[in-house]
Amino acid sequence: MTDTAASYEIVPGAPASPVLLHVPHSSRRIPADVRPGIGLDDAGLERELDHITDSHTARIAEAAAGLAGRTPWRFVNRTSRLVVDPERFPDEREEMTAVGMGAVYTRTSHREVLRADGIDPEPLIERYFRPYARAMTEAVADRLAATGRAVIIDVHSYPTEPLPYELHGEGPRPPVCLGTDAFHTPSELLAAAREAFAPCGETGLDSPFSGTYVPLDFYGKRREVGALMVEIRRDTYMTEPGGPAGPGLSRLAGSLAVLVDAVSG
């Protein structure tokens, strides 16, 4: 298997399931030949991975898939977002470029140097970003062809206290933040999520993170593609930053499974 092919994994679900659990930021893996382009020493890199990784979110998605009545499909990034961030625009549309965190990061979560100024991001975008985007597009198209619709549920986490890179970190930081899109998040999907995660505490809307991930081939064009981002505050299920998971993980996985079942019908 090539390194690029190993950079993501598609875990099949039930043939009749429209749901795709997308886990883009759970991995700490950095391929050996990508490591020299990162300017941090090993200890500094481990600290940055502690802060920037959505630790254990792949475990939450896996556990939820096992609990769901109709097993959802899973699309899991197996490389760190410090290689490429598959949820950023690779061009001037991306607002996070202002803090050096476009598709290829040049700054850390604390706005320190990660990669040298002036580096060419194109080799990493060509090797990792574009294949990932194509595979995700195909995964959504497959669900549409099989079931007539697709529901993308993005599984993320975020720190209890804002990190310096956050552009909108001054707002509420509820236990579960639901990110929405005016076109792709129908009211019934949002209502199902609020009900499913009620046992986990307060759910908030689009703060501190907003929006959803939809492949560009479908974005703003296909209402049959629903999308919701689930951002889980890390203190509800793990020791921050980058520490072990606790009992909250099972509760969250159960709530995610309830949401999957609610939108699988």
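The values are calculated or read from the model by the stated rules, or taken from the named source; none is laboratory data. Computed from a predicted model, the values in this text were never measured in an experiment. Glycine also receives a Cβ, built like all others from the backbone with ideal geometry; neighbour counts cover every protein chain displayed. Note: areas computed on protein heavy atoms with side chains; ligands, DNA, RNA excluded. Shrake-Rupley method; radii C 1.70, N 1.55, O 1.52, S 1.80 Å.
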Output for Cβ contacts, cut-off 9 Å, separation at least six or different chains, first residue surrounded by fewer than 16 Cβ atoms within 10 Å (Cβ to Cβ) in the range 117-143, second assigned to a helix (DSSP H, G or I), reads Ile119/Gly37
query = Can you find a residue in the range 146-157 that is part of a helix (DSSP H, G or I) and either buried (at least 18 other Cβ atoms within 10 Å of the Cβ) or not β-branched (Val, Ile, Thr) (or both)?
reply = yes
Sole miss for Asp41 among (1) charged (D, E, K, R); (2) under 25 Å from Pro162 (Cα atoms); (3) in contact with a Ser or Thr (Cβ under 9 Å, 6 or more places away or on another chain) is condition (3)
Restricted to the range 204-255 and to residues being hydroxyl-bearing (Ser, Thr, Tyr) and assigned to a helix (DSSP H, G or I), the residue least open to solvent (accessible area, probe 1.4 Å) is Ser255
Determine if the range 187-196 includes at least one residue that is closer than 18 Å to Phe89 by Cα, among the aliphatic types (A, V, I, L, M) and at pLDDT 95 or above.
-> no
Of the candidates Val113, Val176, the one satisfying the condition of being surrounded by 14 or more Cβ atoms within 10 Å (Cβ to Cβ) and modelled with pLDDT of 95 or more is Val176
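Residues are listed down the side, and each one gets a yes or a no for (1) in contact (Cβ under 8 Å) with a residue 40 or more places away in the chain; (2) open to solvent by 10 Å² or more (accessible area, probe 1.4 Å); (3) at positive phi; (4) in contact with a helix residue (DSSP H, G or I) (Cβ under 9 Å, 6 or more places away or on another chain):
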| position | (1), (2), (3), (4) |
| --- | --- |
| Pro15 | yes, yes, no, yes |
| Leu20 | yes, no, no, yes |
| Ser26 | yes, yes, no, yes |
| Ala43 | no, yes, no, no |
| Ala63 | yes, yes, no, yes |
Those residues of the range 77-96 that are without any contact (Cβ under 8 Å) to a residue 24 or more places away in the chain and surrounded by fewer than 18 Cβ atoms within 10 Å (Cβ to Cβ) come to a total of 5
